[in-house]
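Inspection log for the structure reproduced underneath, given as C-alpha coordinates.
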Amino acid sequence: RRSEAATAILTSVSSQSPDLHSIAQAINELCSSYIDLAVCPVPEKFKSGKAGDSMIPFSSRARISKLIKNLPPNLPVLTAAPRADAPCDYMCVPFVSSIAAGYSLAGGINLPKILRVVGTDGKRYKQLVKGKDDLRQDAIIQQLFHVINRFMRTAEAHSVGSAPMALSATSCLRMRTYQVVPLTKRCGVLQWVDNTLPFGSWFQSREKRYRPNAPTMSQLRATIHDVHKDKATTAQQKLEVFERVCDMAPPVFRFFFYEQFYNAQGWFEHRETYIRSAAVSSMAGWVLGIGDRHLQNILVDRATAELVHIDLGIAFDMGKLLPIPELIPFRLTREVIDGMGLLGLDGTFRHSCHAALQAMRDNAQVVITILNVLKVDPLYTWSLIPLRQDKMNRNVSMYVDEPRDNSRGAAGASGDATGVDNGLLDQEEPNTFAAEEENKEAERSIMHVGQRLSATISVEGQVSELIQKATDAGLLSRLFEGWSAWY
(Lines give C-alpha, C1' and ligand atoms only; values in the text may rest on other atoms or scores of the structure.)
Protein backbone atom coordinates (compact mmCIF):
# COMPACT_ATOMS: atom_id res chain seq x y z
CA ARG A 1 0.00 0.00 0.00
CA ARG A 2 2.80 2.43 0.82
CA SER A 3 4.43 1.69 -2.51
CA GLU A 4 1.17 2.27 -4.36
CA ALA A 5 0.54 5.55 -2.51
CA ALA A 6 4.08 6.80 -3.24
CA THR A 7 3.76 5.85 -6.90
CA ALA A 8 0.44 7.70 -7.13
CA ILE A 9 1.96 10.84 -5.62
CA LEU A 10 4.95 10.76 -7.98
CA THR A 11 2.68 10.20 -10.97
CA SER A 12 0.49 13.11 -9.95
CA VAL A 13 3.44 15.47 -9.48
CA SER A 14 5.17 14.36 -12.67
CA SER A 15 2.07 14.97 -14.75
CA GLN A 16 1.84 18.64 -13.73
CA SER A 17 4.66 19.84 -15.99
CA PRO A 18 7.52 18.50 -18.15
CA ASP A 19 10.06 20.03 -15.75
CA LEU A 20 8.63 18.20 -12.75
CA HIS A 21 8.50 15.00 -14.77
CA SER A 22 12.20 15.24 -15.65
CA ILE A 23 13.14 16.05 -12.02
CA ALA A 24 11.18 13.06 -10.72
CA GLN A 25 12.82 10.78 -13.28
CA ALA A 26 16.30 12.10 -12.44
CA ILE A 27 15.84 11.65 -8.68
CA ASN A 28 14.45 8.15 -9.19
CA GLU A 29 17.49 7.22 -11.27
CA LEU A 30 19.84 8.73 -8.67
CA CYS A 31 18.23 6.82 -5.79
CA SER A 32 18.31 3.59 -7.79
CA SER A 33 22.01 4.16 -8.49
CA TYR A 34 22.71 4.69 -4.77
CA ILE A 35 20.84 1.50 -3.87
CA ASP A 36 22.78 -0.42 -6.53
CA LEU A 37 26.06 0.97 -5.15
CA ALA A 38 25.10 0.14 -1.54
CA VAL A 39 24.51 -3.55 -2.25
CA CYS A 40 27.20 -4.21 -4.83
CA PRO A 41 30.12 -6.30 -3.50
CA VAL A 42 33.57 -4.79 -3.05
CA PRO A 43 36.33 -6.41 -5.17
CA GLU A 44 38.42 -8.74 -3.03
CA LYS A 45 41.72 -7.02 -3.81
CA PHE A 46 40.50 -3.79 -2.17
CA LYS A 47 39.11 -5.29 1.04
CA SER A 48 42.43 -5.63 2.87
CA GLY A 49 43.63 -2.04 2.42
CA LYS A 50 43.34 0.82 4.86
CA ALA A 51 40.15 2.86 4.75
CA GLY A 52 40.21 5.74 2.29
CA ASP A 53 43.52 4.67 0.72
CA SER A 54 42.34 3.48 -2.68
CA MET A 55 39.83 4.87 -5.12
CA ILE A 56 37.87 1.92 -6.47
CA PRO A 57 36.54 2.57 -9.98
CA PHE A 58 32.92 1.85 -10.80
CA SER A 59 32.17 -1.07 -13.03
CA SER A 60 31.21 -0.03 -16.54
CA ARG A 61 28.01 -2.02 -16.06
CA ALA A 62 27.11 -0.25 -12.80
CA ARG A 63 24.01 1.90 -12.89
CA ILE A 64 25.87 4.88 -11.44
CA SER A 65 28.41 4.74 -14.30
CA LYS A 66 25.62 5.27 -16.80
CA LEU A 67 24.28 8.11 -14.67
CA ILE A 68 27.69 9.83 -14.59
CA LYS A 69 27.97 9.66 -18.39
CA ASN A 70 24.53 11.23 -18.87
CA LEU A 71 24.19 13.46 -15.82
CA PRO A 72 20.84 15.32 -15.77
CA PRO A 73 21.10 19.09 -15.15
CA ASN A 74 18.47 19.15 -12.38
CA LEU A 75 19.77 16.46 -10.04
CA PRO A 76 19.84 17.75 -6.42
CA VAL A 77 22.60 16.84 -3.97
CA LEU A 78 20.83 14.44 -1.59
CA THR A 79 22.85 15.34 1.49
CA ALA A 80 22.58 19.11 1.06
CA ALA A 81 20.06 20.77 3.37
CA PRO A 82 18.45 23.84 1.79
CA ARG A 83 16.21 25.89 4.04
CA ALA A 84 12.49 26.23 3.44
CA ASP A 85 11.86 28.98 0.92
CA ALA A 86 8.56 30.92 1.26
CA PRO A 87 8.35 31.93 -2.46
CA CYS A 88 9.10 28.27 -3.31
CA ASP A 89 11.61 29.13 -6.04
CA TYR A 90 14.46 27.29 -4.25
CA MET A 91 17.19 28.90 -6.31
CA CYS A 92 19.65 28.08 -3.53
CA VAL A 93 19.32 24.30 -3.97
CA PRO A 94 22.68 22.85 -5.07
CA PHE A 95 22.50 20.43 -7.97
CA VAL A 96 25.02 17.76 -8.89
CA SER A 97 27.73 19.13 -11.16
CA SER A 98 29.84 15.97 -11.23
CA ILE A 99 30.26 12.62 -9.49
CA ALA A 100 33.66 10.98 -8.97
CA ALA A 101 34.26 7.94 -11.16
CA GLY A 102 34.91 5.72 -8.15
CA TYR A 103 34.53 5.32 -4.40
CA SER A 104 36.66 4.62 -1.36
CA LEU A 105 35.86 2.51 1.69
CA ALA A 106 35.02 3.50 5.25
CA GLY A 107 35.61 1.34 8.32
CA GLY A 108 33.51 -1.64 9.28
CA ILE A 109 32.83 -5.22 8.35
CA ASN A 110 30.17 -4.31 5.78
CA LEU A 111 32.49 -1.75 4.13
CA PRO A 112 30.22 1.23 3.44
CA LYS A 113 31.32 3.30 0.49
CA ILE A 114 32.42 6.95 0.39
CA LEU A 115 31.18 8.82 -2.67
CA ARG A 116 32.39 12.28 -3.70
CA VAL A 117 30.07 14.76 -5.42
CA VAL A 118 30.69 18.30 -6.63
CA GLY A 119 27.69 20.64 -6.48
CA THR A 120 26.77 23.55 -8.71
CA ASP A 121 27.55 25.79 -5.72
CA GLY A 122 31.21 24.79 -6.05
CA LYS A 123 31.25 22.76 -2.85
CA ARG A 124 32.53 19.20 -2.56
CA TYR A 125 30.16 16.79 -0.82
CA LYS A 126 31.35 13.51 0.66
CA GLN A 127 28.57 10.97 1.13
CA LEU A 128 28.52 7.63 2.90
CA VAL A 129 26.49 4.99 1.09
CA LYS A 130 25.55 2.25 3.54
CA GLY A 131 24.01 -1.13 2.86
CA LYS A 132 22.75 -3.73 5.34
CA ASP A 133 21.67 -1.06 7.81
CA ASP A 134 18.30 0.49 8.64
CA LEU A 135 18.77 4.27 8.73
CA ARG A 136 15.13 5.30 9.26
CA GLN A 137 15.49 5.78 13.00
CA ASP A 138 18.72 7.74 12.53
CA ALA A 139 16.83 10.08 10.19
CA ILE A 140 14.02 10.57 12.70
CA ILE A 141 16.39 11.28 15.60
CA GLN A 142 18.23 13.82 13.44
CA GLN A 143 14.90 15.55 12.78
CA LEU A 144 14.29 15.73 16.52
CA PHE A 145 17.79 17.16 17.00
CA HIS A 146 16.93 19.92 14.52
CA VAL A 147 13.80 20.72 16.54
CA ILE A 148 15.83 20.80 19.78
CA ASN A 149 18.27 23.22 18.15
CA ARG A 150 15.38 25.57 17.43
CA PHE A 151 14.50 25.43 21.12
CA MET A 152 18.06 26.40 21.98
CA ARG A 153 18.07 29.34 19.59
CA THR A 154 14.78 30.57 21.05
CA ALA A 155 16.13 30.26 24.59
CA GLU A 156 19.27 32.18 23.60
CA ALA A 157 17.18 34.97 22.04
CA HIS A 158 15.05 35.25 25.19
CA SER A 159 18.15 35.36 27.40
CA VAL A 160 19.46 38.55 25.77
CA GLY A 161 19.29 41.25 28.41
CA SER A 162 19.17 38.70 31.22
CA ALA A 163 21.78 38.10 33.87
CA PRO A 164 25.30 37.36 32.50
CA MET A 165 25.20 33.78 33.78
CA ALA A 166 21.85 33.13 32.03
CA LEU A 167 23.17 34.56 28.78
CA SER A 168 26.40 32.57 29.02
CA ALA A 169 24.59 29.31 29.74
CA THR A 170 22.34 29.57 26.68
CA SER A 171 24.96 30.85 24.22
CA CYS A 172 25.98 28.50 21.39
CA LEU A 173 23.95 25.54 22.64
CA ARG A 174 23.23 23.12 19.82
CA MET A 175 23.35 19.52 18.70
CA ARG A 176 25.62 18.79 15.75
CA THR A 177 23.45 17.26 13.06
CA TYR A 178 24.00 15.70 9.66
CA GLN A 179 21.73 14.63 6.82
CA VAL A 180 20.42 11.06 6.71
CA VAL A 181 18.48 9.84 3.65
CA PRO A 182 17.03 6.32 4.03
CA LEU A 183 16.44 4.72 0.63
CA THR A 184 15.15 1.28 1.62
CA LYS A 185 14.80 -0.74 4.82
CA ARG A 186 18.41 -1.80 4.51
CA CYS A 187 20.35 1.02 2.86
CA GLY A 188 20.67 4.77 2.67
CA VAL A 189 22.96 7.78 2.24
CA LEU A 190 24.48 9.91 4.99
CA GLN A 191 26.31 13.20 4.97
CA TRP A 192 30.00 12.89 5.76
CA VAL A 193 31.18 15.51 8.23
CA ASP A 194 34.84 16.27 7.70
CA ASN A 195 37.47 16.79 10.40
CA THR A 196 35.83 14.35 12.81
CA LEU A 197 37.44 11.51 14.71
CA PRO A 198 35.87 8.84 16.92
CA PHE A 199 36.79 8.94 20.59
CA GLY A 200 38.08 5.38 20.35
CA SER A 201 40.41 6.13 17.45
CA TRP A 202 41.86 9.17 19.24
CA PHE A 203 42.55 7.21 22.43
CA GLN A 204 44.04 4.30 20.56
CA SER A 205 46.41 6.52 18.58
CA ARG A 206 47.54 8.42 21.71
CA GLU A 207 48.10 5.52 24.11
CA LYS A 208 51.85 5.31 23.70
CA ARG A 209 52.31 9.07 23.78
CA TYR A 210 50.34 9.91 26.92
CA ARG A 211 50.25 6.55 28.74
CA PRO A 212 53.51 4.84 27.74
CA ASN A 213 53.58 2.50 30.75
CA ALA A 214 49.85 1.72 30.92
CA PRO A 215 48.14 -1.34 29.44
CA THR A 216 46.73 -0.93 25.93
CA MET A 217 43.06 -0.55 25.11
CA SER A 218 42.86 -4.23 24.15
CA GLN A 219 44.53 -5.35 27.38
CA LEU A 220 42.18 -3.26 29.51
CA ARG A 221 39.20 -4.68 27.66
CA ALA A 222 40.49 -8.20 28.15
CA THR A 223 40.80 -7.58 31.90
CA ILE A 224 37.16 -6.53 32.08
CA HIS A 225 36.08 -9.39 29.84
CA ASP A 226 37.71 -12.00 32.07
CA VAL A 227 35.51 -10.84 34.94
CA HIS A 228 32.27 -10.30 33.01
CA LYS A 229 32.32 -13.69 31.30
CA ASP A 230 31.94 -15.43 34.67
CA LYS A 231 28.24 -15.35 35.50
CA ALA A 232 29.01 -15.94 39.15
CA THR A 233 30.85 -12.62 39.43
CA THR A 234 29.16 -10.28 41.90
CA ALA A 235 28.54 -6.57 41.41
CA GLN A 236 31.16 -5.80 44.07
CA GLN A 237 33.79 -7.85 42.23
CA LYS A 238 32.99 -6.05 38.98
CA LEU A 239 33.35 -2.73 40.76
CA GLU A 240 36.73 -3.66 42.22
CA VAL A 241 38.10 -4.72 38.82
CA PHE A 242 36.65 -1.61 37.18
CA GLU A 243 38.35 0.67 39.69
CA ARG A 244 41.63 -1.19 39.23
CA VAL A 245 41.41 -0.73 35.45
CA CYS A 246 40.67 2.98 35.93
CA ASP A 247 43.77 3.33 38.11
CA MET A 248 45.89 1.70 35.38
CA ALA A 249 44.67 4.14 32.69
CA PRO A 250 44.49 7.76 33.91
CA PRO A 251 42.36 10.09 31.70
CA VAL A 252 44.18 12.01 28.96
CA PHE A 253 41.53 13.71 26.80
CA ARG A 254 42.61 17.19 27.98
CA PHE A 255 45.60 16.79 25.65
CA PHE A 256 43.25 16.86 22.65
CA PHE A 257 42.84 20.61 23.15
CA TYR A 258 46.58 21.16 23.54
CA GLU A 259 47.17 19.37 20.25
CA GLN A 260 44.48 21.10 18.22
CA PHE A 261 44.45 24.67 19.54
CA TYR A 262 47.81 26.35 20.04
CA ASN A 263 46.95 29.76 21.50
CA ALA A 264 45.30 30.38 24.84
CA GLN A 265 42.19 32.07 23.48
CA GLY A 266 41.50 29.32 20.94
CA TRP A 267 42.14 26.63 23.54
CA PHE A 268 39.69 28.21 26.00
CA GLU A 269 36.95 28.97 23.46
CA HIS A 270 37.00 25.52 21.91
CA ARG A 271 37.05 23.82 25.29
CA GLU A 272 33.93 25.81 26.22
CA THR A 273 32.34 24.75 22.92
CA TYR A 274 33.13 21.13 23.72
CA ILE A 275 31.58 21.43 27.19
CA ARG A 276 28.38 23.01 25.85
CA SER A 277 28.15 20.38 23.13
CA ALA A 278 28.54 17.61 25.71
CA ALA A 279 25.85 19.19 27.89
CA VAL A 280 23.25 19.51 25.12
CA SER A 281 23.90 16.02 23.76
CA SER A 282 23.68 14.58 27.28
CA MET A 283 20.31 16.18 27.99
CA ALA A 284 18.88 15.41 24.54
CA GLY A 285 20.20 11.86 24.72
CA TRP A 286 18.57 11.30 28.10
CA VAL A 287 15.21 12.78 27.04
CA LEU A 288 15.09 10.62 23.89
CA GLY A 289 16.56 7.55 25.58
CA ILE A 290 19.50 7.26 23.17
CA GLY A 291 21.85 4.41 24.01
CA ASP A 292 24.83 2.57 22.54
CA ARG A 293 27.17 5.52 23.18
CA HIS A 294 30.40 3.57 22.99
CA LEU A 295 33.71 5.08 21.89
CA GLN A 296 33.12 4.70 18.16
CA ASN A 297 29.65 6.26 18.21
CA ILE A 298 30.77 9.66 19.50
CA LEU A 299 32.97 11.74 17.24
CA VAL A 300 34.80 14.94 18.06
CA ASP A 301 35.27 17.69 15.49
CA ARG A 302 38.94 18.59 15.31
CA ALA A 303 38.12 22.09 14.04
CA THR A 304 35.40 23.12 16.52
CA ALA A 305 35.70 20.50 19.33
CA GLU A 306 31.96 19.80 19.07
CA LEU A 307 30.65 16.27 19.60
CA VAL A 308 28.82 14.44 16.83
CA HIS A 309 26.67 11.42 17.72
CA ILE A 310 26.25 8.70 15.11
CA ASP A 311 24.52 5.32 14.86
CA LEU A 312 21.28 6.23 16.63
CA GLY A 313 19.51 2.89 16.18
CA ILE A 314 19.15 2.33 19.93
CA ALA A 315 16.75 5.01 21.19
CA PHE A 316 13.68 5.49 23.37
CA ASP A 317 15.26 3.40 26.14
CA MET A 318 15.67 0.29 23.99
CA GLY A 319 19.07 -0.12 25.63
CA LYS A 320 17.34 -1.03 28.90
CA LEU A 321 15.65 -4.01 27.24
CA LEU A 322 18.88 -5.70 26.19
CA PRO A 323 20.42 -8.78 27.88
CA ILE A 324 23.06 -6.48 29.40
CA PRO A 325 20.96 -3.36 30.02
CA GLU A 326 22.40 0.13 29.86
CA LEU A 327 22.00 1.57 33.34
CA ILE A 328 23.29 5.11 32.84
CA PRO A 329 21.46 8.08 31.25
CA PHE A 330 24.32 9.21 28.96
CA ARG A 331 28.07 8.92 28.55
CA LEU A 332 29.83 11.05 31.16
CA THR A 333 32.92 8.97 31.85
CA ARG A 334 36.32 10.07 33.15
CA GLU A 335 37.68 10.97 29.71
CA VAL A 336 34.64 13.08 28.81
CA ILE A 337 35.05 14.97 32.10
CA ASP A 338 38.82 15.27 31.69
CA GLY A 339 38.33 17.49 28.64
CA MET A 340 36.32 19.98 30.71
CA GLY A 341 39.25 21.34 32.67
CA LEU A 342 39.70 22.00 36.39
CA LEU A 343 36.07 22.92 37.08
CA GLY A 344 34.90 19.65 35.56
CA LEU A 345 31.16 19.19 35.94
CA ASP A 346 30.60 22.18 38.21
CA GLY A 347 31.17 25.01 35.77
CA THR A 348 29.90 25.52 32.24
CA PHE A 349 28.69 21.94 31.91
CA ARG A 350 26.17 22.06 34.73
CA HIS A 351 24.85 25.52 33.78
CA SER A 352 24.51 24.45 30.13
CA CYS A 353 22.64 21.31 31.18
CA HIS A 354 20.23 23.49 33.15
CA ALA A 355 19.64 25.76 30.15
CA ALA A 356 19.25 22.88 27.68
CA LEU A 357 16.82 20.90 29.83
CA GLN A 358 14.79 24.02 30.62
CA ALA A 359 14.49 24.82 26.90
CA MET A 360 13.27 21.30 26.19
CA ARG A 361 10.79 21.44 29.08
CA ASP A 362 9.42 24.75 27.82
CA ASN A 363 8.75 23.10 24.46
CA ALA A 364 7.75 19.67 25.70
CA GLN A 365 4.45 19.66 23.82
CA VAL A 366 6.25 20.10 20.50
CA VAL A 367 8.39 17.00 21.12
CA ILE A 368 5.40 14.95 22.25
CA THR A 369 3.40 16.03 19.18
CA ILE A 370 6.19 14.88 16.86
CA LEU A 371 6.44 11.54 18.65
CA ASN A 372 2.67 11.07 18.44
CA VAL A 373 2.93 11.51 14.68
CA LEU A 374 5.61 8.80 14.59
CA LYS A 375 3.34 6.58 16.64
CA VAL A 376 1.05 6.12 13.64
CA ASP A 377 3.80 6.29 11.01
CA PRO A 378 3.86 2.92 9.21
CA LEU A 379 7.47 3.52 8.18
CA TYR A 380 8.71 3.55 11.77
CA THR A 381 9.30 0.53 13.96
CA TRP A 382 9.08 1.04 17.71
CA SER A 383 9.99 -2.48 18.79
CA LEU A 384 13.51 -3.80 19.25
CA ILE A 385 13.79 -5.71 15.99
CA PRO A 386 16.48 -8.43 15.75
CA LEU A 387 18.76 -6.25 13.61
CA ARG A 388 18.96 -3.55 16.28
CA GLN A 389 19.37 -6.03 19.12
CA ASP A 390 22.15 -7.85 17.30
CA LYS A 391 24.08 -4.60 16.97
CA MET A 392 24.19 -4.38 20.75
CA ASN A 393 24.58 -8.05 21.63
CA ARG A 394 27.78 -8.44 19.66
CA ASN A 395 31.10 -7.28 21.03
CA VAL A 396 31.25 -3.87 19.38
CA SER A 397 34.52 -3.14 21.10
CA MET A 398 36.37 -5.69 18.98
CA TYR A 399 36.57 -3.45 15.92
CA VAL A 400 38.54 -0.65 17.57
CA ASP A 401 41.66 -2.61 16.70
CA GLU A 402 40.88 -2.63 12.98
CA PRO A 403 43.03 -0.28 10.86
CA ARG A 404 39.98 1.06 9.01
CA ASP A 405 38.66 2.94 12.03
CA ASN A 406 41.07 5.85 11.70
CA SER A 407 39.26 7.62 8.84
CA ARG A 408 35.65 7.59 9.93
CA GLY A 409 33.53 10.70 9.40
CA ALA A 410 30.30 11.80 11.04
CA ALA A 411 28.31 9.29 9.10
CA GLY A 412 30.82 6.69 10.28
CA ALA A 413 30.36 3.01 9.82
CA SER A 414 30.23 2.01 13.46
CA GLY A 415 26.91 0.32 12.95
CA ASP A 416 28.42 -1.85 10.26
CA ALA A 417 31.33 -2.85 12.40
CA THR A 418 29.27 -5.04 14.65
CA GLY A 419 29.14 -7.93 12.26
CA VAL A 420 25.46 -8.25 11.39
CA ASP A 421 24.97 -11.52 9.53
CA ASN A 422 22.93 -11.94 6.42
CA GLY A 423 20.37 -14.09 8.15
CA LEU A 424 19.24 -11.18 10.28
CA LEU A 425 19.18 -8.84 7.31
CA ASP A 426 16.65 -11.03 5.59
CA GLN A 427 14.26 -11.02 8.52
CA GLU A 428 11.16 -8.88 8.14
CA GLU A 429 10.11 -6.39 10.73
CA PRO A 430 7.05 -7.08 12.91
CA ASN A 431 3.94 -7.75 10.79
CA THR A 432 0.32 -6.88 11.45
CA PHE A 433 0.12 -9.66 14.04
CA ALA A 434 2.39 -7.58 16.28
CA ALA A 435 0.67 -4.26 15.58
CA GLU A 436 -0.96 -4.12 19.02
CA GLU A 437 2.35 -4.78 20.74
CA GLU A 438 3.98 -2.10 18.59
CA ASN A 439 1.35 0.41 19.68
CA LYS A 440 1.98 -0.38 23.35
CA GLU A 441 5.71 0.08 22.80
CA ALA A 442 5.10 3.45 21.15
CA GLU A 443 2.85 4.59 24.00
CA ARG A 444 5.44 3.50 26.55
CA SER A 445 8.22 5.42 24.79
CA ILE A 446 6.15 8.59 24.41
CA MET A 447 5.04 8.39 28.03
CA HIS A 448 8.65 8.14 29.23
CA VAL A 449 9.70 11.13 27.14
CA GLY A 450 6.75 13.10 28.49
CA GLN A 451 7.63 12.21 32.07
CA ARG A 452 11.21 13.37 31.58
CA LEU A 453 10.03 16.70 30.23
CA SER A 454 7.54 17.26 33.04
CA ALA A 455 8.28 19.66 35.88
CA THR A 456 7.76 17.27 38.79
CA ILE A 457 11.34 18.01 39.89
CA SER A 458 13.35 21.19 39.46
CA VAL A 459 15.76 21.43 36.54
CA GLU A 460 18.69 21.78 38.94
CA GLY A 461 17.62 18.72 40.92
CA GLN A 462 17.06 16.65 37.78
CA VAL A 463 20.47 17.55 36.34
CA SER A 464 22.23 16.74 39.63
CA GLU A 465 20.50 13.37 39.79
CA LEU A 466 21.45 12.53 36.19
CA ILE A 467 25.08 13.52 36.69
CA GLN A 468 25.31 11.42 39.83
CA LYS A 469 23.86 8.41 38.01
CA ALA A 470 26.01 8.86 34.91
CA THR A 471 29.22 8.96 36.97
CA ASP A 472 28.31 6.15 39.39
CA ALA A 473 31.19 3.68 39.28
CA GLY A 474 28.90 0.91 40.51
CA LEU A 475 26.66 1.30 37.45
CA LEU A 476 29.51 1.87 34.99
CA SER A 477 31.24 -1.32 36.16
CA ARG A 478 28.22 -3.41 35.17
CA LEU A 479 27.92 -2.12 31.60
CA PHE A 480 28.66 -4.18 28.52
CA GLU A 481 32.45 -4.32 28.07
CA GLY A 482 32.23 -2.98 24.51
CA TRP A 483 30.98 0.30 25.97
CA SER A 484 34.47 0.89 27.44
CA ALA A 485 33.15 2.67 30.52
CA TRP A 486 36.66 3.08 31.95
CA TYR A 487 37.49 5.64 29.22
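The values are calculated or read from the model by the stated rules, or taken from the named source; none is laboratory data. Only a predicted model underlies this, so the values are computations on that prediction, with no experimental measurement involved. So basically every Cβ, Gly included, is an ideal-geometry build from the backbone, and we count neighbours across all protein chains shown. Remember, those area values only see protein heavy atoms, side chains included, never the ligands or the DNA or RNA. Shrake-Rupley method; radii C 1.70, N 1.55, O 1.52, S 1.80 Å.
Just one of the listed residues (GLY482, GLY419) is under 22 Å from ASP134 (Cα atoms) and at pLDDT 60 or above, namely GLY482.
Of all residues in the range 440-464, those that are in contact (Cβ under 8 Å) with a residue 24 or more places away in the chain have Cβ atoms under 6 Å from Cβ atoms of residues that are open to solvent by 50 Å² or more (accessible area, probe 1.4 Å), 6 or more apart or on another chain, in ALA442/LYS375; VAL459/GLN358. Of the residues making up the range 26-44, not a single one is farther than 23 Å from ARG186 by Cα and of a type outside the set (A, V, I, L, M).
Restricting attention to the range 440-458, the residues that are crowded, with 18+ Cβ neighbours inside 10 Å and either among the small types (Gly, Ala, Ser) or more than 16 Å from ILE290 (Cβ to Cβ) (or both) add up to 3.
The single residue among LEU288, LEU307, LEU321, LEU327 that is crowded, with 19+ Cβ neighbours inside 10 Å and modelled with pLDDT under 95 turns out to be LEU288. Considering the range 3-113, there are no qualifying helices (runs of 4 or more DSSP H) wholly inside with 3 or more residues that are touching a strand residue (DSSP E or B) at 6+ places or on another chain (Cβ under 6 Å) and without any contact (Cβ under 8 Å) to a residue 60 or more places away in the chain.
Is there a residue being within 16 Å of CYS353 (Cβ to Cβ), touching a Leu at 6+ places or on another chain (Cβ under 8 Å) and not in a helix (DSSP H, G or I) anywhere in the range 448-468? For the range 448-468, residues within 16 Å of CYS353 (Cβ to Cβ), touching a Leu at 6+ places or on another chain (Cβ under 8 Å) and not in a helix (DSSP H, G or I): absent.
Scanning the range 194-219 for residues that are within 20 Å of the chain's Cα centre (by Cα) and either within 10 Å of LEU299 (Cβ to Cβ) or open to solvent by less than 60 Å² (accessible area, probe 1.4 Å) (or both) returns ASN195, THR196, LEU197, PRO198, PHE199, GLY200, SER201, TRP202, PHE203. For the range 272-311, taking the residues that are among the β-branched types (Val, Ile, Thr) and not in a loop (DSSP other than H, G, I, E, B), the one that is farthest from ALA485 (Cα to Cα) is identified as THR273. When residues in the range 323-363 are screened for being within 24 Å of GLY474 (Cβ to Cβ) and either assigned to a helix (DSSP H, G or I) or acidic (Asp, Glu) (or both), 12 of them pass. Out of the residues in the range 257-273 that are of a type in the set (Asp, Glu) and without any contact (Cβ under 8 Å) to a residue 60 or more places away in the chain, which is surrounded by the fewest Cβ atoms within 10 Å (Cβ to Cβ)? Looking at residues that are of a type in the set (Asp, Glu) and without any contact (Cβ under 8 Å) to a residue 60 or more places away in the chain, I get GLU259. Only one entry in ARG254, ARG302, ARG276 is within 21 Å of GLU207 (Cα to Cα), open to solvent by 10 Å² or more (accessible area, probe 1.4 Å), within 18 Å of the chain's Cα centre (by Cα) and touching a residue at least 24 places away in the same chain (Cβ under 8 Å), namely ARG302.
For the range 29-45, the criterion of being crowded, with 16+ Cβ neighbours inside 10 Å, closer than 24 Å to VAL96 by Cα, touching a Pro at 6+ places or on another chain (Cβ under 7 Å) and modelled with pLDDT of 85 or more is satisfied by no residue at all.
Over 15 Å from ILE140 (Cα atoms), of a type in the set (A, V, I, L, M, F, W, C), open to solvent by 20 Å² or more (accessible area, probe 1.4 Å) and out of contact with any strand residue (DSSP E or B) (no Cβ under 8 Å at 6 or more places or on another chain): is that true of LEU357 in this structure? Before you say what the answer is, go through the steps one by one.
Details: over 15 Å from ILE140 (Cα atoms): yes; of a type in the set (A, V, I, L, M, F, W, C): yes; open to solvent by 20 Å² or more (accessible area, probe 1.4 Å): no; out of contact with any strand residue (DSSP E or B) (no Cβ under 8 Å at 6 or more places or on another chain): yes.
Taking the combined requirement at face value, the residue does not satisfy it.
Just one of the listed residues (ALA315, ALA305, ALA284) is at positive phi and among the aliphatic types (A, V, I, L, M), namely ALA305.
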